[in-house]
1. Using 7 Å Cα-to-Cβ label points, what is the Val85/Asp107 separation (nm, one decimal)?
2. Please give the contour-minus-distance gain from Lys55 to His27: 0.36 nm per residue of separation, less the Cα-Cα distance, rounded to one decimal in nm.
3. Pull out the extension gain between Asp122 and Thr142, defined as 0.36 nm times the separation in residues minus the alpha carbon to alpha carbon distance; nm, one decimal.
4. What label, among (1) 15.7; (2) 17.7; (3) 18.5, belongs to Kirkwood radius over Cα pairs in Å computed from the structure on display?
5. Once the dipole of the range 37-160 is set up with Lys and Arg at +1 and Asp and Glu at -1 on Cβ about the Cα centre, which of Val80, Gly144, Gly126 lies farthest towards its positive end?
6. Over the range 113-160, what is the relative contact order in whole percent, taking alpha-carbon pairs under 8 Å and six or more residues apart?
7. How far apart, in nanometres, would the label points at Glu45 and Thr92 be if each is projected 7 angstrom from Cα along the Cα-to-Cβ direction?
8. Let me know the shape class of the range 59-132, please: from the alpha-carbon gyration tensor, a ≥ b ≥ c as square roots of the eigenvalues, rounded when a/c is under 1.5, otherwise prolate if a/b is greater than b/c, or oblate.
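Taken together, the values in this text are just the output of simple stated rules run on the coordinates, not laboratory data. All figures in this text were calculated on a predicted structure; none of them were measured in a lab. When we count neighbours, we look across all protein chains shown, and the Cβ atoms used for this are built from the backbone with ideal geometry, even at glycine.
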Amino acid sequence: MSVAFTKEDSAETASETLLPDRPVSPHPNLVTEAGLKALELQLHEAREAYETAQKIEDVNERRRQAAGPLRDARYFAARVRTAQVIPDPTSTDAVAFGSTVTFSRDDGRVQTYRIVGEDEADPKSGSISFVSPVAHLLIGKTVGDVVAISGQDLKIIAIA
């Protein structure tokens, strides 16, 4: 009877430690210089967490604790390897990757976002991915241009 429980525990442990890979975007992995540094830091942190987990004596707990960092390390290693650093734009004439764009909405709200890579995008902190619908509409436009999205007009009022 103990053997059955052991096999059951092993199957449970195996399923907990075989985490699926994090999805990788099909888009080019464009990043800013800061974005590449952030990816490298996240890779370093994932590797450190994995190394820490490897020091756990109980094999089942070690596997459980190592599964997440191992998956993250694979993801960040791939993202660092495929990163294409795009220098900051040299002109503020038109919206480009790396630009900070300010626009007004029909309802009077004024918003400012920097257009960055997918892994570094954080709308709450003022950055959006270059593959987002808003960024797609804004890239290539100039101050004064108006774009429509979801029934609203966005008017570009500044590019930095």
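1. With each label point 7 Å from Cα toward Cβ, the separation is 4.0 nm.
2. On the way: separation 28, 0.36 × 28 = 10.08 nm, distance 3.72 nm.
Residue separation times 0.36 nm, minus the Cα-Cα distance, leaves 6.4 nm.
3. Numbers: separation 20, 0.36 × 20 = 7.20 nm, distance 2.33 nm.
Full extension of this stretch gives 4.9 nm more.
4. Read-out taken from this structure: (3).
5. Selected residue: Val80.
6. Working: 57 pairs, mean separation 11.0, N = 48.
23 percent.
7. 3.2
8. Numbers: a/c = 5.33, a/b = 2.08, b/c = 2.57.
Judged from the Cα gyration tensor, the range 59-132 comes out oblate (a/c at least 1.5, b/c at or above a/b).
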